[in-house]
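Please treat every number below as a calculation from the coordinates, not as lab data. In this text the structure is predicted, and so the values were computed from the model without any measurement. With ideal geometry, Cβ positions are generated from the backbone for all residues, glycine too; neighbour counts draw on all protein chains shown.
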Amino acid sequence: MGFKEQIDISRLPKHIAVIMDGNGRWAKNQGKFRSFGHESGVVSLKDVVEGCTDIGVKYLTVYAFSTENWNRPIEEVNLLMELLISTINAEIGTLNKNNVRLNAIGDIASLPQKCIDDLKNAMDETAGNDSCTLTLALSYSSKWEIVEAARKLATLVKEGKMDVNEIDETAFSSQLTTTGIPDPELMIRTSGEHRISNYLLWQIAYGELYFTEKMWPDFMKEDLFEAIVDYQKRERRFGKISEQLN
Ligand code: FPP
């Protein structure tokens with residue numbers, strides 16, 4: 001029996017977050033350029049999005065470019081930006097066919113203008129889709145996002161639009177770039193690294209972490225299904241004891 005058949009559809013995670021790691025090493029292991037790894041990473045991403053729509057996962061958020069990734073050699077940064085532009089433009093039709101809405105989080109204003117324009121266009125073109133929301137984290141880091149939220153709340157207080165005592169978890173969440181999206185129940189990281197790397201730190205407070213040795217270009221929808229089966233075997237206690245559940 002495949003992993004897909006083992007999934008209990010009534011207990012799917014609503015939101016899955018992914019750190020797509022290992023493109024460069026995957027390519028290097030084959031004596032190829034890192035660019036080949038990133039291009040192959042796009043193939044995996046497409047397959048995993050399809051996996052989400054196959055079974056009904058409502059939100060998928062992928063770490064496509066971190067704030068720290070700006071420190072990579074300029075050639076690789078440019079290549080990733082070009083890959084982003086060509087991929088989003090090429091995929092609008094498929095996203096619409098599969099009823100997938102494209103969304104983006106992060107410091108979008110820091111991206112090259114062509115990226116910003118094409119991203120906005122793709123988001124507008126897919127805005128009416130509601131089977132799955134694919135969020136690209138671009139120029140994103142969690143600490144950046146949390147500081148931004150603090151700044152926005154401070155501004156509201158300073159302008160007299162909010163009282164300090166109104167700052168609670170709900171108010172804070174509503175200032176994060178993920179506002180309106182439920183917190184991920186499952187976070188997957190590929191390539192054998194056991195780190196969160198400044199990704200959705202607030203949002204994964206109670207998220208289940210799943211690590212796999214597979215490099216991202218080798219990670220396909222069947223691997224996603226395997227991760228979901230693993231997640232469904234876990235007991236999520238949220239600080240309670242087993243006997244209190246149900
Ligand atoms: C991590 O591999 C991957 C990235 C930094 C970029 C992820 C990008 C893609 C999957 C393709 C582009 C995305 C879109 C949305 C079009 P790495 O380069 O860190 O690999 P390494 O750790 O082996 O060097």
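The table below lists the values:
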item: Members of the range 189-246 that are at positive phi, exposed (fewer than 13 other Cβ atoms within 10 Å of the Cβ) and either touching a residue at least 60 places away in the same chain (Cβ under 8 Å) or hydrophobic (A, V, I, L, M, F, W, C) (or both); result: PHE238
item: Among the candidates THR61, THR94, residue that is in contact (Cβ under 8 Å) with a residue 12 or more places away in the chain and either near the ligand (Cβ under 10 Å from one of its atoms) or touching a strand residue (DSSP E or B) at 6+ places or on another chain (Cβ under 7 Å) (or both); result: THR61
item: Qualifying position, being on the phi > 0 side of the Ramachandran plot and without any contact (Cβ under 8 Å) to a residue 60 or more places away in the chain, among GLY106, GLY160; result: GLY160
item: Conditions (1) assigned to a helix (DSSP H, G or I); (2) farther than 30 Å from GLU235 by Cβ: number failed by GLU5; result: (2)
item: The range 1-53, residues that are of a type in the set (Ser, Thr, Tyr) and either under 24 Å from TYR199 (Cβ atoms) or touching a residue at least 40 places away in the same chain (Cβ under 8 Å) (or both); result: SER35, SER40, SER44, THR53
item: Looking only at the range 10-30, and only at residues there that are more than 10 Å from the ligand (Cβ to nearest atom) and part of a helix (DSSP H, G or I), the one that is surrounded by the fewest Cβ atoms within 10 Å (Cβ to Cβ); result: SER10
item: Residues within the range 183-208 that are under 17 Å from ASP230 (Cβ atoms) and not small (Gly, Ala, Ser), tallied; result: 11
item: Filtered residue count, the range 155-173, keeping only those that are surrounded by fewer than 14 Cβ atoms within 10 Å (Cβ to Cβ) and either part of a loop (DSSP other than H, G, I, E, B) or touching a Gly at 6+ places or on another chain (Cβ under 7 Å) (or both); result: 5
item: From the options SER44, SER86, SER40, residue that is near the ligand (Cβ under 10 Å from one of its atoms), part of a helix (DSSP H, G or I) and within 16 Å of the chain's Cα centre (by Cα); result: SER44
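Listed here are the residues, each with its yes/no results for (1) surrounded by 16 or more Cβ atoms within 10 Å (Cβ to Cβ); (2) not basic (Lys, Arg).
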residue: LYS32; (1), (2): no, no
residue: SER40; (1), (2): yes, yes
residue: CYS52; (1), (2): yes, yes
residue: TYR59; (1), (2): yes, yes
residue: TYR63; (1), (2): yes, yes
residue: GLU68; (1), (2): no, yes
residue: ASN71; (1), (2): no, yes
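Yes/no per residue for (1) out of contact with any Asp or Glu (no Cβ under 7 Å at 6 or more places or on another chain); (2) among the aliphatic types (A, V, I, L, M); (3) surrounded by fewer than 21 Cβ atoms within 10 Å (Cβ to Cβ):
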| residue | (1), (2), (3) |
| --- | --- |
| ILE85 | no, yes, yes |
| ILE88 | no, yes, no |
| ILE92 | no, yes, yes |
| LEU102 | yes, yes, no |
| GLY106 | yes, no, no |
| SER110 | yes, no, yes |
| ILE116 | yes, yes, yes |
| LEU134 | yes, yes, no |
